[in-house]
Structures are given as structure tokens and as C-alpha cells.
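The values are calculated or read from the model by the stated rules, or taken from the named source; none is laboratory data. These figures come from a predicted structure and were not determined experimentally. Neighbour counts run over all protein chains shown; Cβ positions are idealised from the backbone, glycine included.
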Amino acid sequence: MTKKSSGASQQPAAERLQKVLARSGLGSRRGLEARIRSGDISVNGEVATLGTKVGQGDRIEFEGRAYRLVTGKSDTSRVIMYNKPEGVVSTRSDPEGRRTVFDHLPKVHGGRWIAIGRLDINTTGLLLLTTDGELANAMMHPSYGVDREYACRVHGEVTGEMLRKLREGVELEDGPAQFSDIVESGGTGENRWFHVTLLEGRNREVRRLWEAVGVRVSRLKRVRYGAVFMPSRMKVGRWEELSPADVQVLREDVGLPPGAGGQLTLKPIANPNR
């Protein structure tokens, strides 16, 4: 026999400030903790500390903007996959006025889209975007080892010795790097295709790894990020939303508890003087 509902909606429990901010996409938890230590964030008009907990209705001020904490809807854990075209940048805005991946995404309520990693302007393929800041930060962090697979066409002669070096590791200007896997996938002569896998996402890392052994990447497309594969049916410039079950798989893969509606999330205050 089940108990009858009292009719009052249960509010989510208070949570640590840095956890709520990270989930809302305002930074990594570690980076936000540093900002709290520096006195850069206030709650209800008082400077926050690392032990500050926040709840429904609290007002948060950060980087010149004000937010009110509300109970989030299902939008708080959405993920879409986008087939990024060449010539489009992955940043939210571009000082040169170029198109960005955020120009034609669906609207979200009580949050914003966060890119899970970036693709440079000349790289195409799978880009994941989410409203779940906690998930985005975990999938991008090298400690979780979420692999990224790319199809790349390289120009130049590729030898077995080159492939051995790329698997064992080469020294780049920002430290050692390697492919965790390399699979030949067609082509002849000096234009051959390979599928390569990385466990991190440093800037232009695939291109720089090939350049380190003396060949140049002429085409590069990301085809997988963690458990998400780019479906062949998806045309360039289009997006598709993952099912809630698929989103839960992504969270489980990086050790996060199931996401759900009813979580605390940030709502920007249109008139911060009120």
C-alpha cells in the first residue's frame, strides 16, 4: 500500500556551491573551488567559502552576472550529437564573425549548451554538446580516459616504424603524446586513411602527432567520442538528441550518479538590481 502525496512538491536538498556551478556549466569543480577561495563568488550578498551550501531561491553572483537557484527540469541532463562542418568554430562566439556550432542548436530552459571538447575549424565530424556541466567536465578530463576516435587521411609515405613511434609515444611541445590505437583503413600511395584513437583532447593533437613523424593530415573527422558513434545517416550540419537512457550510460561510464530532473540549477536574473 502506498502513501498518498501531500500535494507539496519536495525541494531538492542543499548542495555545495561548486557542485551546482559545475553542473550548470560555469567551469570545472576544481577551477570553481579556486575562484571561491579567491572570493570571486557571492551567495545572497555574502562572499562564499568552500563550505558554502546553496538551495532553492538563493542568489549567486559570479563574473558580473547574477543567478537565482531554481529546481531544474529534465533539460538539466540533455546531450546532442552534432555533425560539425568544416569552416565552423566550436567556440560560443568568434571575434572574426565566423559561424559557430552554437548558431543553430535547439533552445534549452534554465541552462545552456556546453561543448564536450572542441574541434578545430578544419576538423569535421562528431561534436557532443550537453546541458550537464558535471558530465561535460568529466568526459573532457584526462583522468577519466574517455577515448576519441578519428578518421584521418594523411599525405606522405607512412612506414611501420612511424606507426610504432606513434603508438609508443613522441615528444610534442606540450609533452609526450601517443595514439592508443591505429588502424589502416584504405587508400594507396601517399594518400592513406587511418583510424586513430586518443585518450585526451589537446589542441590539434592528431595533426601534431602525424607531423611529428613527418607526414601531414589532409582530412580529419571525429567519428566517436566515448560510447557515442557518429551515425552514417547524419548529414553534415545536422544534430540529433541522445535518449535519456544513452545519457545515463555516458554518466555511468565516468562514474557519475544518474542525472534527473529536480536538481538545483541556475537561472540568470534578467535585472540583477532587483
Subject >> Condition broken by residue 83, with the remaining ones in (1) within 26 Å of residue 42 (Cβ to Cβ); (2) in a strand (DSSP E or B) satisfied >> reply: (1)
Subject >> Enumeration of residues in the stretch 168-194 that are under 12 Å from residue 152 (Cα atoms), of a type outside the set (S, T, N, Q) and surrounded by fewer than 18 Cβ atoms within 10 Å (Cβ to Cβ) >> reply: 183, 184, 186, 187, 193
**OP:** Among the candidates 149, 157, single out the residue that is in contact with an Asp or Glu (Cβ under 7 Å, 6 or more places away or on another chain) and either of a type in the set (Asp, Glu) or outside any helix (DSSP H, G or I) (or both).
**Re:** 157
Subject >> Flag if residue 193 is aromatic (Phe, Trp, Tyr) and out of contact with any Asp or Glu (no Cβ under 9 Å at 6 or more places or on another chain) >> reply: no
Original post:
Among the residues of the stretch 144-167, which ones are of a type in the set (Val, Ile, Thr) and surrounded by 14 or more Cβ atoms within 10 Å (Cβ to Cβ)?
Top reply: 146, 154, 158
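A quick yes/no check of all residues on (1) in a strand (DSSP E or B); (2) among the acidic types (Asp, Glu):
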{"site": "200", "(1), (2)": "no, yes"}
{"site": "203", "(1), (2)": "no, no"}
{"site": "207", "(1), (2)": "no, no"}
{"site": "218", "(1), (2)": "yes, no"}
{"site": "235", "(1), (2)": "no, no"}
Subject >> Unique match (being within 17 Å of residue 250 (Cα to Cα) and among the hydroxyl-bearing types (Ser, Thr, Tyr)) among 143, 180 >> reply: 143
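A quick yes/no check of all residues on (1) part of a strand (DSSP E or B); (2) free of Cβ contacts under 8 Å to residues at least 60 places away in the same chain:
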{"position": "115", "(1), (2)": "yes, yes"}
{"position": "122", "(1), (2)": "no, no"}
{"position": "125", "(1), (2)": "yes, no"}
{"position": "143", "(1), (2)": "no, yes"}
{"position": "153", "(1), (2)": "yes, no"}
{"position": "171", "(1), (2)": "yes, yes"}
{"position": "179", "(1), (2)": "no, yes"}
{"position": "182", "(1), (2)": "yes, yes"}
Subject >> Options 199, 209: the member that is within 25 Å of residue 137 (Cα to Cα) and modelled with pLDDT of 95 or more >> reply: 209
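Considering each residue of the stretch 31-41, count those that are over 16 Å from the mean Cα position of the chain (by Cα), in a helix (DSSP H, G or I) and either among the basic types (Lys, Arg) or surrounded by fewer than 17 Cβ atoms within 10 Å (Cβ to Cβ) (or both), and give that number.
Going through the stretch 31-41 one residue at a time, the tally reaches 3.
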Subject >> Scope the stretch 214-238; condition among the hydrophobic types (A, V, I, L, M, F, W, C), in contact with a helix residue (DSSP H, G or I) (Cβ under 8 Å, 6 or more places away or on another chain) and surrounded by 15 or more Cβ atoms within 10 Å (Cβ to Cβ); matching residues >> reply: 215, 217, 220, 228
**OP:** Could you look through the stretch 153-187, keep only residues that are more than 16 Å from residue 212 (Cβ to Cβ) and of a type in the set (Asp, Glu), and pick out the one that is nearest to the chain's Cα centre (by Cα)?
**Re:** 181
Original post:
Of everything in the stretch 99-152 that's small (Gly, Ala, Ser) and under 13 Å from the mean Cα position of the chain (by Cα), which residue is modelled with the lowest pLDDT?
Top reply: 133
Original post:
Looking at (1) within 17 Å of residue 115 (Cα to Cα); (2) in contact with a Gly (Cβ under 8 Å, 6 or more places away or on another chain), which is the one condition that is false for residue 216?
Top reply: (1)
